[in-house]
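A short write-up of the structure that comes next.
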Amino acid sequence: METTKISESLSLKAVIIAALILLSLIPNAMIMILIKDRQDRSVETIRKINEKWSLEQTLAGPILTIPYSSYSSDSQVKKLEMHELHLAPENVKMSVRLFPEERHYGIYKTILYKSEIRITGNFAPITNLPENADCNRAYLSLEISDLRGITNRLSFTVNNKEYATEAGTSSIPELKRLIAPIKGVINPTEETPIDFECRLNLNGSQGIDFIPVGNTTNIEVEGNWKDPGFVGNFSPQYAITDSGFKATWNVMSFNRSIPERWTEQNFVDFQGASFGVNLVDSVDHYQQNMRSAKYSILFVTLTFVVFFFVEVLSKKRIHPIQYLLVGFALLLFYTLLLSLSEQINFAWAYLISTLATIVLITAYAFGIFKNKTETIILALILGLLYTYLYIILQLEDIALLIGSIGLFVILGIIMYLSRKIKWYNTEK
C-alpha cells in the first residue's frame, strides 16, 4: 500500500512538473515578444539615423528620352497627345568606390557610407524615331532613390560637351530622377553613337543597388568592408580580403526583361532586375537572442529532469514551488542576455549571463540537495547545455542538424540513466 502511494506520488509529481514546463511557455512567449519589440525599436531608430544621412540607394540609368507627339485615333475628334520615347544605352559601365563607416546612437548602430561613382557608356545611333519626334527636347536621366545623398553638382559629359542636371519626375516607382537636357546632340540624319560620362558622389546607408538598363552593363564595386552581402537576381565575381572586397557584375540584354526602347504606354518594371551590395552587420544580436529563446523549453525540461532524478534516486522531496523558482531563473537568462548584448559584445554577454544563471541555480540547488556531488553534476550539465546552445547559435547553416543530433543524444542519455529505476517499486 505504501509502495502504491509512493508510486502515485511520483506520477503526480511528474504530471505537476510537466504542467510547470508548459506553464513556462507563457513567460517565454513574453520574452520573445520583448526581443521583437527591442528589434523593432532598433530598426526604427536606425532608420531615423539613416534618414538624416541618406537611405539605401538604388541607381538606374542613364536613359535617353525623346518627346514626340501624335494624334489620338479613338474618337471622331482628333486630339494631340504628347508622349516620350525612352531608349536604353548600348553600353553602361559603373565604377563604384564605397567608404563605409559605423555610426552610433545610444545603444544602436548603423552602417553609413560615402561613395565615388563614375558612369560611362554610349547609346547606339538613334534611328527609327516616331513622327514628330522633338530631338531638341531630348534629355538624359539618371534614376536615384534618395537625392539627398548627392554631394556634388552632377552633370553629364555628352560627346565631349558638358550638360547640367536638374530634378525631374520619374516614371519608376520609389525612384527620383535627375535630367540633363541635351539640345542639339541628336541629329536623326547622322547615325552616330552618343557617348556619355558623369561622376557622382553619393551618400547612403546599409547598401547600394543597381538596375542594369544597358544592353551590356558592367558594374564594379569595391570598398573597405569585410562582410559584404551580395543581393538581387545576379551573382557577381568577387574577392573578399581582410582589407575589403571587390565585386564585378556583367549583365547582358538577354539576362533581364528590360527592352531597348519603351514608352509610358507600355510601362517597364525595373525593380525585378536589381542587384547590389548590402553592408551587413555580421553580428545581429537580436536575431541571436531570438534563436536562443526558442531553446528555452529544452533547458527548462532538462533541468527539471535532473531535479526529478535526484528526487527519485535520493528520496529527497522537492516542492513544486522550488521547481518553479528554478524555471524562472532559467528564463531570466534570456532577459539578462538581451539587456547585456545591447551594451556589449554578444559573446561576452552570453558568457556573463551563463555564469550568473549557473551560479544562481547551483547555489539554490545545493540548499535543496545538501550534496556537493549532485550539485556539481547539475552545474556541469547546465554548463554543457549553454555551451551546446552557443555552438548552435554560431553554426547557422547546420544548426538544425546539430540541434537534432544533440537532442537525440540527450534523449538517449536520459533513457540510459533511467533504465534501472523501478517506477512501480521505488522502495527497492
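Every read-out reported here was derived from the displayed coordinates using simple, explicitly stated rules and does not represent laboratory data. Keep in mind that this is a model prediction, so the values were computed, not measured. No Cβ is skipped: glycine too gets one built from the backbone with ideal geometry, and neighbour counts run over all protein chains shown.
Let me know the charge dipole size of the range 23-66 about its Cα centre in debye, to the nearest 20, where only the beta-carbon of Lys, Arg (+1) and Asp, Glu (-1) is charged.
Dipole magnitude for the range 23-66 comes out near 120 debye.
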Quiz item: Which pairs break 32 Å Cα to Cα here: 93/226; 48/226; 36/246; 52/183; 246/294; 52/246?
Solution: 36/246; 52/183; 246/294
Quiz item: If we count other beta carbons within 10 Å of each Cβ, what is the order of 309, 156, fewest first?
Solution: 309, 156
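Arrange the following residues from fewest to most other Cβ atoms within 10 Å of their Cβ: 30, 94. Can you show the working numbers first?
On the way: 30 12, 94 21.
With the fewest neighbours first, 30, 94 line up as 30, 94.
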Quiz item: Taking other Cβ within 10 Å of each residue's Cβ, how do 198, 135 sort, fewest first?
Solution: 135, 198
Quiz prompt | Environment charge at residue 311 (Cβ cut-off 14 Å; Lys +1, Arg +1, Asp -1, Glu -1) | solution = +4
Quiz item: Shape of the range 266-372 from its Cα gyration tensor (a ≥ b ≥ c, root eigenvalues): rounded if a/c is under 1.5, otherwise prolate when a/b > b/c, or oblate?
Solution: prolate
Quiz item: Which residue, chosen from 255, 245, 130, occupies the Cα position most advanced towards the positive end of the dipole of the range 57-281, where the dipole is computed from +1 (Lys, Arg) and -1 (Asp, Glu) charges on Cβ about the Cα centre?
Solution: 245
Exercise. Note down the net charge around residue 276, summing +1 for each Lys or Arg and -1 for each Asp or Glu among other residues with Cβ under 12 Å from its Cβ.
Key: -2
Quiz item: Is the shape of the chain rounded, prolate or oblate, going by the alpha carbon gyration tensor and its root eigenvalues a ≥ b ≥ c, with a/c under 1.5 for rounded and a/b larger than b/c for prolate?
Solution: prolate
Self-check item: Per-residue [θ]222 nm for the chain (sum of -39500 (n - 2.57) over DSSP H runs n ≥ 4, rounded to 500)
Solution: -13500 deg cm²/dmol
Practice problem: Counting only C-alpha contacts under 8 Å and six or more residues apart, can you give the relative contact order of the chain as a whole percent? | Solution: 17
Quiz item: Of 288, 382, 145, whose Cα points farthest to the positive end of the dipole of the chain (charges on the beta-carbon: +1 Lys, Arg; -1 Asp, Glu; origin at the Cα centre)?
Solution: 382
Quiz item: For the range 57-281, what does the alpha-carbon gyration tensor say about shape, rounded, prolate or oblate, given a ≥ b ≥ c as the root eigenvalues, a/c under 1.5 as rounded, and a/b over b/c as prolate?
Solution: prolate
Quiz item: In the structure displayed, which of 315/370; 315/372; 316/372; 13/372 lie more than 18 Å apart, Cα to Cα?
Solution: 13/372
Quiz item: For the chain, list the DSSP H helices whose alpha carbon atoms reach 30 Å or more along the long axis and whose average Kyte-Doolittle value is -1.0 or above?
Solution: 2-23, 25-53, 320-341, 346-369, 372-394
Exercise. Give the residue from 334, 57, 223 lying farthest towards the positive end of the charge dipole for the chain; charges sit on Cβ (+1 for Lys and Arg, -1 for Asp and Glu) and the dipole is referred to the Cα centre.
Key: 334
Quiz prompt | Point-charge dipole on Cβ atoms (K/R +1, D/E -1) for the chain, about Cα centre, debye to 20 | solution = 2380
Exercise. Go through the range 158-227 and name the trypsin sites (Lys or Arg not before Pro) that are in a DSSP coil and have 15 or fewer other Cβ atoms within 10 Å of their Cβ.
Key: 183, 226
